[in-house]
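Notes for the one structure printed next.
The values are calculated or read from the model by the stated rules, or taken from the named source; none is laboratory data. Only a predicted model underlies this, so the values are computations on that prediction, with no experimental measurement involved. We place every Cβ from the backbone using ideal geometry, glycine too, and count neighbours over all the protein chains shown.
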Amino acid sequence: MAYGKYNGVNLDIGHFTAAGYDAVAFIKEHHAKITNLHIKDRKKDHGPNVAVWGTGDTPMKEVLQLLKKEKYPFPANLELEYPVPEGSDIIAEAKKCLAYVKSCLA
C-alpha cells in the first residue's frame with residue numbers, strides 16, 4: 001500500500017480469516033486504503049467456506065457492525081463461494097446470505 005497513494009486493498013474477510021489474520025483490526029487500521037470488501041464465512045487454518053453464514057470463524061457480525069458504526073465509504077459485497085446445497089439454487093442461497101447480513105446490522 002505504501003508504493004503509492006492510489007494503491008488500495010480489496011479485502012476478502014473470509015480468506016483473511018482463513019489465513020489467520022484479524023479482519024476487524026485490519027479494517028480499523030487500514031480503512032483509508034480499503035477500496036471494497038468481500039463478505040463470506042470461512043473456517044480458520046485455510047478451512048472451507050461455510051454454507052450457513054455465522055457458523056464459520058470469520059467475524060462477519062463484528063465487521064458489519066464496524067462498517068455501520070464508522071460509516072466507511074467502501075462497499076461490502078456478498079460473495080457466495082460455497083457449493084450450492086442439493087435441492088437449493090443460487091438465488092435461494094444468496095437470499096439466505098443477505099438475510100444473515102441484515103440480521104448482523106439490526
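Given the condition touching a residue at least 60 places away in the same chain (Cβ under 8 Å), surrounded by 15 or more Cβ atoms within 10 Å (Cβ to Cβ), in a loop (DSSP other than H, G, I, E, B) and not hydroxyl-bearing (Ser, Thr, Tyr), answer yes or no: does some residue in the stretch 71-79 qualify?
Just the residues of the stretch 71-79 that are touching a residue at least 60 places away in the same chain (Cβ under 8 Å), to begin with: 79.
Narrowing the set further to residues that are surrounded by 15 or more Cβ atoms within 10 Å (Cβ to Cβ) leaves 79.
Still in the list and also in a loop (DSSP other than H, G, I, E, B): 79.
Filter once more, so that each one left must be not hydroxyl-bearing (Ser, Thr, Tyr): 79.
Yes, the stretch 71-79 contains at least one residue that is touching a residue at least 60 places away in the same chain (Cβ under 8 Å), surrounded by 15 or more Cβ atoms within 10 Å (Cβ to Cβ), in a loop (DSSP other than H, G, I, E, B) and not hydroxyl-bearing (Ser, Thr, Tyr).
Pick from ALA51, ALA19: which is without any contact (Cβ under 8 Å) to a residue 60 or more places away in the chain and under 20 Å from CYS104 (Cα atoms)? Steps first, answer last, please.
Values: ALA19 fails: under 20 Å from CYS104 (Cα atoms).
Every option except ALA51 fails the conditions.
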For this session: Return the pairs, sorted by first residue and then second, in which the second residue is not polar (S, T, N, Q), the first residue lies in the stretch 32-48 and is without any contact (Cβ under 8 Å) to a residue 24 or more places away in the chain, the beta carbons are less than 7 Å apart, and the residues are 6+ apart or on different chains.
Result: none
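So which of ALA18, ALA25 ends up being modelled with pLDDT of 95 or more, surrounded by fewer than 18 Cβ atoms within 10 Å (Cβ to Cβ) and out of contact with any helix residue (DSSP H, G or I) (no Cβ under 7 Å at 6 or more places or on another chain)? Spell out how you get there, then give the answer.
Values: ALA18 fails: surrounded by fewer than 18 Cβ atoms within 10 Å (Cβ to Cβ).
After ruling out the rest, the residue left standing is ALA25.
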Exercise. What is the residue count in the stretch 46-68 for residues that are in contact with a Gly (Cβ under 7 Å, 6 or more places away or on another chain) and either exposed (fewer than 15 other Cβ atoms within 10 Å of the Cβ) or hydroxyl-bearing (Ser, Thr, Tyr) (or both)?
Worked result: 1
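In the set ASN49, ASN77, which member is among the polar types (S, T, N, Q) and within 18 Å of VAL9 (Cβ to Cβ)? Give the steps one after another, and end with the answer.
Working: ASN49 fails: within 18 Å of VAL9 (Cβ to Cβ).
It is ASN77.
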